[in-house]
Amino acid sequence: MLIQNATLADGRTRDVRITGDRITAVSESLDDSTDDHVVDATGKRLLPGMIDVHVHFRQPGFGHKETWETGTKSAAAGGVTTVVDQPNTEPPTVDGEAFDEKFSYAESAHVDFGINGGVTKSWQPAELFDRPLFALGEVFLADSTGEMGIDTSLFADALDRASEAGVTVTVHAEDETLFDDTVRDRNDADAWSAYRTASAEVAAVERACELATERDVRIHIAHTSTPGGIDTAAASGMTCEVSPHHLFLSREDLDELGTHGVMNPPLRDETLREEVYERVADGTVDMIATDHAPHTAAEKDVGVWDAPSGVPGVETVLPMLLAEAETGGFTYERVRDLTANNPADVFDLPDRGTVAEGNYADLVLVDPAELTEIRAENLHTKCTWTPFEGREGLFPDWTMLRGEIVYNRSARESFGTPRGKNVRVFGN
Ligand SMILES: [Zn+2]
């Protein structure tokens, strides 16, 4: 297959040849006489597929919220070609048996994937490190099931063992001892943001980075939502991600979102959101990851203290970032780095993340003229709602995984047969 006249993220116009699962040539002009299939991409952008290192696809245990099939279809339709699933399923991914069970569900994946292992008091590191694990995490300062606080012995133990095994640790940094109990009598959706304070995040990032630095290991901070958290990670030489909801939404949106806007860490003040946005735009933040965490609308439509935390985002993230590139908030190059280049570097996926000869042909083609409004009814997640309803996105014409189109917006059958593989098993 030959893609002609595509505009790459850096603005160069190139022909790109795909042979089998790889990009085999990138050049100003390639002879098309021997190609079976030629695509005219004049005026369109060709980008590497997104690597989203933080999703919750809910199986096993919570298939009514999302399944590997619906989650990865949602990913493919949004231009995401690799996802990394987190361990808080049922059973949690803390031992070999649970890993193998999740791996069997992932056979229905339409995009490539990694599986993170979790840390609890009963975790089995030897069994986990024996499996093709992507990373550990999101590990809380105490464990992977949401128990936080200042008992850091388990966390420190996880750092040591992961370091020995050569596995990165992804950290959910909030210190619940610094939450503000004085707001527990409020019942509005904003009470969640008032309760889970910004300082609880900053203190936990500081503590996690200290413990990692003492041990000379590298950690990755998940979904930083505060400028202080981002700056602390960067100053410590650690990496961090920002979620689309912390980039595009703030407490000001909670009037409209209600308890659908409850997530961890919570939405922050608009001034903090602006400072987070600046750090994403200037490259202080390493990557965008969605923390795609779907719940049904019925589960979310309850009181603020009962609503489960999390919002969907895997299908809308790249379209929203590309819309931002088109309207001038970021450059296309920054979007490429945040969504593909940097995650491939940080998590050691050497044949992915750029449109370059020799890499896997994980590609997204978008038409910059096709800004469209995000509508939940057009999305593929099982949870049927989005916190980004009505915002603008540039959705892919098609998404290619290792040389084959896995999503084609204009085709009657949009998706092919599931062919996602564990990125730690082959090729890397
Ligand atoms: Zn998460």
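The values are calculated or read from the model by the stated rules, or taken from the named source; none is laboratory data. Source: prediction; values computed, not measured. A quick note on method: Cβ atoms are made from the backbone with ideal geometry, for glycine too, and the neighbour counts reach across all protein chains shown. For accessibility, only protein heavy atoms count, side chains too; no ligands or nucleic acids. Shrake-Rupley method; radii C 1.70, N 1.55, O 1.52, S 1.80 Å.
The alpha carbon radius of gyration of the chain, expressed as a multiple of 2.2 N^0.38 Å, is 0.94.
I need the peptides 168-176, 415-423 ranked by packing, meaning the mean over residues of other C-beta atoms within 10 angstrom, with the highest value on top. Let's see the in-between values first.
On the way: 168-176: 25.2, 415-423: 17.3.
Per-residue mean Cβ counts within 10 Å order the peptides as 168-176, 415-423.
Remark: relative contact order (the chain) = 21 percent; criterion is Cα-Cα distance under 8 angstrom and separation of 6 or more residues.
Oblate is the label for segment 187-336, because the ratio a/c of its alpha-carbon gyration tensor axes (a ≥ b ≥ c) is 1.5 or higher and a/b is not greater than b/c. Residues whose amide H falls under 5 Å from that of residue 22, counting only those 5 or more places apart or on a different chain, are 361, with hydrogens built in the peptide plane.
Across every pair of non-identical alpha carbons in segment 272-428, the mean reciprocal distance, once inverted, gives a Kirkwood radius of 17.4 Å. Extension gain, residue 160 to residue 216, is 19.2 nm, computed as 0.36 nm per intervening residue step minus the present C-alpha separation.
Where only DSSP H runs of four or more residues are counted, the chain gives -7500 deg cm²/dmol as its mean residue ellipticity at 222 nm, each run worth -39500 (n - 2.57).
The mean accessible area for residues of segment 49-346, using a 1.4 Å probe and ignoring ligands and nucleic acids, is 32 Å² per residue. Farthest toward the positive end of the dipole of the chain, out of 99, 80, 20, is the Cα of 20, where the dipole comes from beta carbon charges about the Cα centre. The largest accessible area among 269, 15 belongs to the first residue in 269, 15, and the rest follow in falling order (1.4 Å probe, all chains). Residues considered: 178, 318, 267. Largest GNM mean-square fluctuation over the chain, using C-alpha springs under 10 Å, is found at 178.
Couplings for segment 340-353, taken from phi via the Karplus curve 6.51 cos²θ - 1.76 cosθ + 1.60 with θ = phi - 60°, read 9, 4, 5, x, 5, 5, 5, 9, 6, 10, x, 9, 9, x Hz in order; Gly and Pro are left as x. With the convex hull drawn around the C-alpha atoms of segment 324-380, the volume per residue stands at 126 Å³.
Which percent of the accessible heavy-atom area of the chain goes to carbon and sulfur, probe 1.4 angstrom? Let's see the in-between values first.
Values: 6650 of 15640 Å².
Its accessible area is 42 percent carbon and sulfur atoms.
Computed from phi, the 3J(HN,Hα) profile of segment 8-25 under the Karplus parametrisation 6.51, -1.76, 1.60 (θ = phi - 60°) reads 7, 4, 7, x, 5, 9, 9, 8, 10, 9, 10, 10, x, 9, 10, 7, 10, 7 Hz, with x in place of Gly and Pro. Note on exposure: 185, 301 ranked by accessible area (1.4 Å probe, complete protein assembly) read 185, 301, with the most exposed listed first. Taking a straight line from the alpha carbon of residue 102, these lysines sit under 18 Å away, with near neighbours fewer than eight places off in the same chain left out: 65, 73, 421.
With Cα atoms as the point set, the radius of gyration and Dmax of segment 59-171 evaluate to 14.0, 42 Å.
Dipole magnitude for the chain: computed about the Cα centre from +1 point charges on Lys and Arg Cβ and -1 point charges on Asp and Glu Cβ, it is near 820 debye.
With a 1.4 Å probe and all protein chains in place, put 199, 108 in order of accessible area, largest first.
Details: 199 70, 108 40 Å².
The ordering from most to least exposed comes out as 199, 108.
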